[in-house]
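The values are calculated or read from the model by the stated rules, or taken from the named source; none is laboratory data. In this text, all values refer to a predicted model and were calculated from it rather than measured experimentally. Counting neighbours? That spans all protein chains shown, and the Cβs are built from the backbone with ideal geometry, glycine included. Just so you know, the surface numbers come from the protein's heavy atoms only, side chains and all, with ligands and any DNA or RNA stripped out. Shrake-Rupley method; radii C 1.70, N 1.55, O 1.52, S 1.80 Å.
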Amino acid sequence: DVKVTQSSRYLVKRTGEKVFLECVQDMDHENMFWYRQDPGLGLRLIYFSYDVKMKEKGDIPEGYSVSREKKERFSLILESASTNQTSMYLCASNLHGTSGGGALNFGPGTRLTVL
Amino acid sequence: DQQVKQNSPSLSVQEGRISILNCDYTNSMFDYFLWYKKYPAEGPTFLISISSIKDKNEDGRFTVFLNKSAKHLSLHIVPSQPGDSAVYFCAASEPSGTYKYIFGTGTRLKVLA
């Protein structure tokens, strides 16, 4: 089974802090994704990466950046945290993108609270 | 504009009965549809998918039905069990060669013992 791990389950940060969320997958997947989940809004795509050093904006990239220096690791960076970035952050990976309906494999999530 | 909609935020069902979760979409170019289940404080787990060229896919207690003309899909769980209590998300994928999955807002299912 693919394992996707996230560095923290819970984080509390202050407004204006720079925040790093780390994600690691162990199945040599090409594609990695960052989503946020908010009540009533479902899962929304922030950024994704289809190869090392490659990244693409998702639907809500404002206030975020990403880094993929190694295939197994995909980091989400909040440049200056704000209270409206309080959310559940979910990392996911898969092998073939949407080809053949390839399912996403999600990590356990990081619940971030910005005070 | 929400391309994938789950209009029922919650649903309660008695144990042993059928649970039916619904999902509507607007983009006729979606080529796969997936259902995920999510427990609190955990990441979503993949349940079942269906290709746009099929109208039914079954896996154990879970069956997904697709009505392309109505742009509607549904997930049936029979029989429902208390462990099925979770939030269910439907998702649609854009055609091959892209990486985008569009998720609905979720339906919270509660199975009553």
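The apolar share of the surface of chain A, taken as the fraction of accessible area on carbon and sulfur atoms (1.4 Å probe, ligands and nucleic acids excluded), comes to 50 percent. GNM on chain B, alpha-carbon springs under 10 angstrom: the most fluctuating residue among B:Tyr88, B:Tyr32, B:Tyr99 is B:Tyr99.
Annotation note: trypsin sites (Lys or Arg not before Pro) in the range B:1-63 located in DSSP loop regions with a Cβ neighbour count of at most 15 within 10 Å are B:Arg17, B:Lys54, B:Arg61.
The distance between label points at B:Thr26 and A:Asp51 comes to 3.4 nm (points 7 Å beyond Cα on the Cα→Cβ vector).
Taking label positions 7 Å along the Cα-Cβ direction at both B:Leu11 and A:Tyr10, the computed distance is 3.2 nm, reported to one decimal. Surface exposure of chain B, expressed per residue as accessible area with a 1.4 Å probe, stands at 48 Å². Quick check: from the Cα gyration tensor, does chain B come out rounded (a/c under 1.5), prolate or oblate? It comes out prolate by the Cα gyration axes. Could you list the GluC sites (Glu not before Pro) in the range A:43-97 that lie in coil according to DSSP, counting only those with at most 12 other Cβ atoms within 10 Å of their Cβ? Of the GluC sites (Glu not before Pro), the ones in loops of the range A:43-97 whose Cβ has at most 12 other Cβ atoms within 10 Å are A:Glu62, A:Glu79.
Could you work out, residue by residue across A:31-41, how many beta carbons of other chains sit within 10 Å of that residue's beta carbon, and then give the average as an integer?
3
Our coupling estimate for the range B:34-39, obtained by passing each phi through the Karplus curve with A = 6.51, B = -1.76, C = 1.60 and θ = phi - 60°, is 10, 10, 10, 10, 9, 8 Hz, Gly and Pro reported as x.
Whole Å is fine, so just give me how far the alpha carbon centre of the range A:34-51 lies from that of the range B:38-53. Distance between centres, Cα-based: 15 Å. Equivalent-ellipsoid semi-axes for the range A:4-98 (Cα gyration tensor, √(5λ), whole Å, largest first): 21, 14, 12. Once you reduce the range A:62-91 and the range B:64-92 to the center of their Cα atoms, the two points are 31 Å from each other. When only alpha carbons of the protein assembly as shown are considered, Rg and Dmax amount to 17.4, 50 Å.
Can you give me the % of accessible surface on chain B that is carbon or sulfur? Probe 1.4 Å, all protein chains present, nothing else counted. On chain B, the fraction of accessible area on carbon and sulfur atoms equals 49 percent. In chain A, a dipole from Cβ-located charges (positive for Lys and Arg, negative for Asp and Glu) runs towards its positive end, and of A:Ser93, A:Leu104, A:Leu115 it is A:Leu115 whose Cα lies farthest in that direction. For the set A:Met32, B:Met29, A:Met27, solvent exposure ranked by accessible area (probe 1.4 Å, protein chains only) runs largest to smallest as B:Met29, A:Met27, A:Met32.
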